[in-house]
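Report on one structure; see the data block that follows.
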Amino acid sequence: MTTYDISGNTVSISTEMENERYLLSATDEYIKSAGEVFDDWYLAKGSCYAVVEDADNLYNGSIEPLLNKSIDILNAQGVYSLDEQSFYDKYVVTSRTTVHTFEVIHAMNKETEAVDLRKEEEEMYRQARKAGRGRVVGGGFGVGGAIKGMAQAGMMNAASGMAHSAVNLVGNIGSGIAASSDKAAIFNKYREPLKTALIQDLCDIRNAIRIALQKEAGIVCKYVTVSESDKAKAIWNNYRLGRIPAERKKEQIIDALTLNPYSIEIYDSIWEDYGDENGELRKMATYFGVPLEQQIAEIAEQYGNDLFTKNCSLYEESFDKKTATVQIENQIKATLDGLVQYCKRQTISEDNISKIAQCKQLLEEIDIEVRTVKGVTYDTRELAENVRKDFATFYRALQGKDIFEKETYEYLKSADYITEEFKGIFESVFGTEYGLRTPEKIYENFDFIVRQSLTDEIIKGGWIDIPDHIGSFSSKETMISSVTGTLPEELILALFDRSSKGKSGILLTNRFLRIYAKGLLLGENLAYPIEQIEKIECQENDTYVISIQEQGPVTFSMKRTDLTVDEQLAFSDMLNELIRIVKNLSTENRLQLFRIYKHTKICRCGMLLLADEKICPSCKCMIKDNGEFVETQICPKCNNYVQIGKKFCSICGYQLDGNEDSSNISEVEEVKSDANEKDVSENLGETVKEFVCPKCHSIVKAGKKFCSKCGTKIQ
């Protein structure tokens, strides 16, 4: 006899119950494996005829291993007077009234024959009937003799509590399944009933072992009777419904466990209400084959999931989970503490709750994230925070300063920094910012940022273009310029395709972030000034939001469904970094980027000149075909610039050499970007005026209503 201490109460397991448990554990695997083999066998047959024809092989092949095990069990108890055939004849046949497998086969065969008859396929009907009848009555068991099967009468019904569970499903199978006009439907309909019947036949053999052990060896196997099972269930029902007085609840639930130690519901109630500090409840459940450990694990896992969702919903709902974890660090700590305490209360391993490991991992990631500044992870959070403050001090000091002036370096170096760590990297930080603000390096900087942010696989995807660095932008340039209408002296810095050949995409220039699409019926062409863009965020899958000064947020998609969440977040961070590089340029350098990269010559005044420029926009010198720079005057008739010394205007033919003071107007003052207008020649008998376009800063001649470069209306 074995005893268990269940929540302070002793539960005794008799020798007879131990015998029963041994019998169940010794035969369970044979019954289970027969059910698994049946599925493959049935599908392989493919038709009702094949199933009926091979029913004997199914039955005999399924019971043979269990019969062999039966003799092993009896031999172990000193019973040698029985072999497989005699055991089957004496105990299996006489302990039941029917062979459930063949009962279902009969019903299937009868229904199939009815279909054949209705379809008047008489020849097939007779063949099927002949083939079926020869099999259904029971054949031979291939261990030395014929099993009488269904042909034998006078079988007894064993008083086994293990038999009652499956009988109802197959008892009236012939009348319980409506006739079908489709053989395929019949085949599908009988699969589960036939499997259940086969399992019941195997359970009948196990019951026969009980009887043989008692009669041949005097060994009693105490199974749970139907009466005991019903009584235990009634107690449990009253227990869970609160009908039992508090002082008797534990006593009653322990009695229910004693009556039926195979009930998972009873174990679960005891574990939930009284715990299992000494582990005896789980030990007893394991002995009786009750999956309490699995149940506990499932309940614990669900508890962990529920608590995590309750405390950390922001993390679960957030698209950017990395940012969300930092925001809810305290909630994650509280969740971890609650789950650890739960495991202690229930005396279970923390491994049972996967959220415990997840919380620990998230907290580690948060700690690294908080201790990391500009890619460097520091020993403590306090040190990292102070370094972060030093970076802020550096950028505040740099704001509004020209990094290329000598005084700027000394000013930045003398700022009040907190940490020695930042002072040690000051030169590197300054050098990096110096390079990022150098207009001649902007493409190089763009290339570096893109390669640092995205994987090689993404970059090689063909949808990212940086002129002369990544992709093949030159093949798309003409089409993109026509679709977007880029302004003169607007330099294209990067293109991110949303369709083939750049017909739809995100275009970044020195002046605008452009979102465009060329469509047959409906296109899109939006431009947002670089200086007004505050931030770009990826808030949902393929949903990017631009925050713009003095304007509502703008949403766009990249239509790149192959990007993961982390890759989309990295892409938005990269866009912010690229825009920051452009915004960090001085206003003059940013507006002059086009000239910096597209100029073909330099005027003697230092102005960068484009290939089609013959007159310097700054000093108004003329570039001759031989590359010589000469001074000019304005023709009083057509207002065009003409080389000083020419007798006639090369544009309109006006005679110039008769003007006494023509030599005094050889050079026109440089027009400043903040000037509205000025006189350039008042000694010619008329006033010639020029204007500066307020948008693109190009020179506009007097009398023009619109800028010839960008089309802006001139006030």
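Data overview
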read-out	value
Residue in the stretch 374-382 that is under 26 Å from Ala570 (Cα atoms), open to solvent by less than 20 Å² (accessible area, probe 1.4 Å) and part of a helix (DSSP H, G or I) present	no
Cβ pairs under 8 Å, 6+ apart, first in the stretch 288-309 and closer than 12 Å to Asn352 by Cβ, second open to solvent by 10 Å² or more (accessible area, probe 1.4 Å) and among the small types (Gly, Ala, Ser)	Glu301/Ser354; Gly304/Ser354
Selected residue (criterion: farthest from Ile581 (Cα to Cα)) from residues of the stretch 431-441 that are open to solvent by less than 70 Å² (accessible area, probe 1.4 Å) and in a helix (DSSP H, G or I)	Gly431
Number of the condition not met by Asn60 [criteria: (1) within 48 Å of the chain's Cα centre (by Cα); (2) of a type outside the set (A, V, I, L, M, F, W, C); (3) not in a strand (DSSP E or B)]	(1)
Qualifying residue in the stretch 618-628 (condition: under 30 Å from Ile442 (Cβ atoms), in contact with a Leu (Cβ under 9 Å, 6 or more places away or on another chain) and either of a type in the set (Asp, Glu) or not in a loop (DSSP other than H, G, I, E, B) (or both))	yes
Close pairs (7 angstrom Cβ cut-off, 6 or more residues apart or separate chains): surrounded by 20 or more Cβ atoms within 10 Å (Cβ to Cβ) in the stretch 183-203, among the polar types (S, T, N, Q) and part of a loop (DSSP other than H, G, I, E, B) anywhere	Ile186/Ser180; Phe187/Ser47
Qualifying residue in the stretch 421-430 (condition: open to solvent by 60 Å² or more (accessible area, probe 1.4 Å), closer than 30 Å to Asp562 by Cβ and without any contact (Cβ under 8 Å) to a residue 60 or more places away in the chain)	no
Residue tally, condition open to solvent by 60 Å² or more (accessible area, probe 1.4 Å) and either touching a strand residue (DSSP E or B) at 6+ places or on another chain (Cβ under 6 Å) or of a type in the set (Ser, Thr, Tyr) (or both), over the stretch 442-480	6
Leading residue by the ranking (surrounded by the fewest Cβ atoms within 10 Å (Cβ to Cβ)) among those in the stretch 322-352 that are touching a Gly at 6+ places or on another chain (Cβ under 9 Å), part of a helix (DSSP H, G or I) and of a type in the set (S, T, N, Q)	Gln346
Count of the stretch 255-277 residues which are touching a strand residue (DSSP E or B) at 6+ places or on another chain (Cβ under 8 Å) and over 19 Å from Gln346 (Cα atoms)	3
Single unsatisfied condition, Gln633 versus (1) farther than 30 Å from His599 by Cα; (2) modelled with pLDDT of 85 or more	(1)
Qualifying residue in the stretch 648-663 (condition: closer than 29 Å to Leu493 by Cα and of a type in the set (Asp, Glu))	no
Single unsatisfied condition, Phe319 versus (1) closer than 24 Å to Gln539 by Cβ; (2) assigned to a helix (DSSP H, G or I); (3) open to solvent by less than 50 Å² (accessible area, probe 1.4 Å)	(2)
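The values are calculated or read from the model by the stated rules, or taken from the named source; none is laboratory data. Just so it is clear, the model here is predicted, and its values are computed rather than measured. Note that we place each Cβ from the backbone using ideal geometry, even for glycine, and neighbour counts take in every protein chain shown. With ligands, DNA and RNA removed, areas are computed over all heavy atoms of the protein, side chains included. Shrake-Rupley method; radii C 1.70, N 1.55, O 1.52, S 1.80 Å.
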